Number of protein chains: 2
Amino acid sequence: MTVLKDVSGGVALWRRIVDAIRLDIIGGKLAEGDRLPTEAALAERFSANRHTVRRALAVLADEGVVGAEQGRGTFVRNARRLSYPIGKRTRFREGLKGQASSLASVNISNRLENATATVAKALDIRNTSKVVRLEGMSLADGVAISRSTTWLPYRRFADFAERITRLGSTTETFASYGIEDYARASTRISARHADVEETQLLGLAPGAILLVSEAVDVDADGVPISYALSRFPAERMELVV
Amino acid sequence: MTVLKDVSGGVALWRRIVDAIRLDIIGGKLAEGDRLPTEAALAERFSANRHTVRRALAVLADEGVVGAEQGRGTFVRNARRLSYPIGKRTRFREGLKGQASSLASVNISNRLENATATVAKALDIRNTSKVVRLEGMSLADGVAISRSTTWLPYRRFADFAERITRLGSTTETFASYGIEDYARASTRISARHADVEETQLLGLAPGAILLVSEAVDVDADGVPISYALSRFPAERMELVV
DNA sequence: AATAGTTGTCTAATACATTAGACAAATTGA
DNA sequence: TCAATTTGTCTAATGTATTAGACAACTATT
């Protein structure tokens with residue numbers, strides 16, 4: 001058996017300090033304009049060297065969350081995070097309206113494939129049935145806020161990809177199939193580290209944390225119409241139920 | 001300005017591989033008993049060295065999630081994760097009933113304090129009003145599944161701590177104050193790395209990811225009765241809306 | 001019995017993470 | 001102006017993470 005000597009957990013100390021300070025800011029312990037504790041004080045708080053703390057602060061400064069001023073201290077610059085509401089009638093655009101001045105959805109690729117066990121179960125269709133698979137991402141004010149993969153039954157939504165590129169919104173595309181109303185049947189939420197592709201597309205540092213939502217939408221008759229796997233950077237978004 | 005040359009993100013590659021494989025298992029891509037891809041194949045998938053993959057597999061083996069057999073391959077041993085349902089009528093015990101044979105809640109400490117801005121806003125009371133603060137954690141089948149901090153207005157629930165130790169469940173304790181029914185007003189979900197205290201109490205490897213839920217419960221008249229900040233290890237729990 | 005495929009172990013080299021100490025540069029208040 | 005406080009920069013040492021290659025040990029199949 002392999003004995004694990006190390007207990008660092010694979011997450012660098014400077015990274016944990018970044019997360020902790022960001023949390024203090026987002027959580028309201030530190031307001032915009034507040035001065036952070038001195039580097040020496042933070043070093044003591046985290047049982048770390050001042051250099052390690054400085055590295056963490058450099059990352060936060062790079063994100064625009066804090067800013068250092070020589071001789072004065074380090075100050076909170078930007079403390080905001082978007083909220084994405086989840087409920088029976090979850091609509092992407094409406095949910096974020098008012099929180100960002102621009103909102104863009106990008107279609108990355110579409111393809112036809114056979115449903116895996118997971119997808120088939122979610123959509124309540126037979127294994128290996130044909131499904132349409134859409135890869136996309138969305139941006140708020142130019143910053144990536146989600147990366148999503150959506151599956152729809154091919155039988156019913158063969159040309160969904162073309163329609164959504166033409167119509168823009170999901171709601172309107174469903175409407176074009178005669179589905180005037182649809183509802184969220186279930187949402188499962190988990191969290192994990194971003195993989196390489198997500199890291200690049202979302203413009204995150206590798207190892208960033210993602211909130212993962214698996215959602216099934218159903219039409220008025222309760223028949224599943226889509227299964228979406230969305231990944232939100234936890235440092236930019238929170239989900240509100 | 002500090003230029004960040006390095007882009008490793010502070011999360012070790014082996015740790016990201018651990019998360020990715022665990023997710024494949026929990027997400028159903030790999031079922032119990034299935035053989036994982038070979039170490040060489042995994043190394044290619046993650047653009048990593050075989051040794052790095054082996055380190056990740058060693059961690060998963062240590063957790064009992066997978067087991068390697070020389071000459072044959074590495075197999076999935078234990079694929080289960082608990083689901084915690086969140087909705088209008090969220091009740092801790094009922095939600096997890098049937099998923100675990102034993103369910104324990106541990107009271108860590110209680111104290112009286114003045115509400116911070118965040119707590120005051122959630123409970124809709126004045127800043128620095130007195131609040132009761134309860135620290136607790138819960139275990140399913142002996143494994144820690146949550147660490148929670150709950151605040152209640154002192155004016156109404158002065159002896160909440162004593163009553164809940166006597167009565168056991170939250171629902172019954174509220175009932176003892178004449179609150180026969182209560183509902184979830186809002187739940188905000190985010191994610192972050194566990195800090196040192198959480199790591200120890202929950203028995204996690206440092207750097208583990210937590211799902212953080214901030215929930216406000218209200219009585220029948222819509223008056224806030226509690227504000228709870230719960231932290232769930234993402235590797236053991238998922239939240240279902 | 002031979003072979004191909006798989007995990008287990010070892011050595012070694014290189015890059016990243018963390019600590020340590022010293023001093024410079026800017027700011028603030030006495 | 002002086003002194004204390006704070007961030008900025010540099011050098012150096014040590015331990016962790018990652019890669020690389022080679023070979024042993026075990027399993028299943030031919």
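The values are calculated or read from the model by the stated rules, or taken from the named source; none is laboratory data. From a predicted model like this one, the values you see are computed outputs, not experimental measurements. When we count neighbours, we look across all protein chains shown, and the Cβ atoms used for this are built from the backbone with ideal geometry, even at glycine. To get the accessible areas, we keep the full protein, side chains included, count just its heavy atoms, and leave off ligands, DNA and RNA. Shrake-Rupley method; radii C 1.70, N 1.55, O 1.52, S 1.80 Å.
Output the residues belonging to segment A:129-180 that are touching a residue at least 60 places away in the same chain (Cβ under 8 Å) and among the polar types (S, T, N, Q). Can you show your working first?
Taking segment A:129-180 as the starting set, the residues that turn out to be touching a residue at least 60 places away in the same chain (Cβ under 8 Å) are A:137, A:143-153, A:156-157, A:168-171.
If the condition is that a residue be touching a residue at least 60 places away in the same chain (Cβ under 8 Å) and among the polar types (S, T, N, Q), then A:Ser146, A:Ser148, A:Thr149, A:Thr150, A:Ser169, A:Thr170, A:Thr171 are the ones that fit.
Got a number for residues in segment B:45-65 being over 16 Å from A:Val196 (Cα atoms) and either near DNA strand C (Cβ under 9 Å from one of its atoms) or crowded, with 18+ Cβ neighbours inside 10 Å (or both)? It would help to see each step written out before you state the result.
Within segment B:45-65, the first condition is being over 16 Å from A:Val196 (Cα atoms), and the residues that meet it are B:50-51, B:54-65.
Okay, now just the ones that are also either near DNA strand C (Cβ under 9 Å from one of its atoms) or crowded, with 18+ Cβ neighbours inside 10 Å (or both), so B:50-51, B:54-61, B:65.
Here the count works out to 11.
Taking segment B:44-66 on its own, how many of its residues are of a type in the set (A, V, I, L, M, F, W, C) and closer than 30 Å to A:Asn127 by Cβ? Break it down stepwise before answering.
Initial filter on segment B:44-66 (of a type in the set (A, V, I, L, M, F, W, C)): B:46, B:48, B:53, B:56-61, B:65-66.
Now drop any that are not closer than 30 Å to A:Asn127 by Cβ, which leaves B:46, B:53, B:56-57, B:60, B:65-66.
Residues meeting the conditions: 7.
Is it the case that B:Arg35 is at pLDDT 90 or above, open to solvent by 90 Å² or more (accessible area, probe 1.4 Å) and within 10 Å of chain A (Cβ to nearest Cβ)?
On the way: at pLDDT 90 or above: yes; open to solvent by 90 Å² or more (accessible area, probe 1.4 Å): yes; within 10 Å of chain A (Cβ to nearest Cβ): no.
Here the answer is no, as B:Arg35 does not meet what is asked.
Can you tell me which residue in segment B:64-78 is farthest from DNA strand D (Cβ to nearest atom), limited to those that are within 13 Å of chain A (Cβ to nearest Cβ) and in contact (Cβ under 8 Å) with a residue 12 or more places away in the chain?
Per the stated criteria, the residue is B:Gly64.
Do we have B:Lys88 as in contact (Cβ under 8 Å) with a residue 40 or more places away in the chain, more than 14 Å from DNA strand C (Cβ to nearest atom) and open to solvent by 70 Å² or more (accessible area, probe 1.4 Å) here?
Working: in contact (Cβ under 8 Å) with a residue 40 or more places away in the chain: yes; more than 14 Å from DNA strand C (Cβ to nearest atom): yes; open to solvent by 70 Å² or more (accessible area, probe 1.4 Å): yes.
When the stated conditions are applied, B:Lys88 passes them.
Among the residues of segment B:43-58, which ones are out of contact with any Ser or Thr (no Cβ under 9 Å at 6 or more places or on another chain), within 14 Å of chain A (Cβ to nearest Cβ) and within 11 Å of DNA strand D (Cβ to nearest atom)? Before you say what the answer is, go through the steps one by one.
Just the residues of segment B:43-58 that are out of contact with any Ser or Thr (no Cβ under 9 Å at 6 or more places or on another chain), to begin with: B:44-45, B:47-53, B:56.
Then drop every residue that is not within 14 Å of chain A (Cβ to nearest Cβ), which leaves B:44-45, B:47-48, B:51-53, B:56.
B:Glu44, B:Ser47, B:Ala48, B:His51, B:Thr52, B:Val53, B:Ala56 - these are the residues of segment B:43-58 that are out of contact with any Ser or Thr (no Cβ under 9 Å at 6 or more places or on another chain), within 14 Å of chain A (Cβ to nearest Cβ) and within 11 Å of DNA strand D (Cβ to nearest atom).
Report yes if some residue within segment A:26-38 is within 19 Å of the chain's Cα centre (by Cα) and away from DNA strand D (no atom under 16 Å from the Cβ); otherwise report no. Explain how you work it out, then say what you get.
Of segment A:26-38, the ones within 19 Å of the chain's Cα centre (by Cα) are A:26-27.
Of the ones still in play, those that are also away from DNA strand D (no atom under 16 Å from the Cβ) are A:26-27.
The answer is yes, given that some residue of segment A:26-38 is within 19 Å of the chain's Cα centre (by Cα) and away from DNA strand D (no atom under 16 Å from the Cβ).
Considering only residues that are out of contact with any strand residue (DSSP E or B) (no Cβ under 8 Å at 6 or more places or on another chain) and either among the aromatic types (Phe, Trp, Tyr) or part of a loop (DSSP other than H, G, I, E, B) (or both), which ones fall in segment A:99-125?
A:Ser101, A:Thr116
Report yes if some residue within segment A:117-136 is modelled with pLDDT of 90 or more, small (Gly, Ala, Ser) and under 15 Å from the mean Cα position of the chain (by Cα); otherwise report no.
For segment A:117-136, residues modelled with pLDDT of 90 or more, small (Gly, Ala, Ser) and under 15 Å from the mean Cα position of the chain (by Cα): present.
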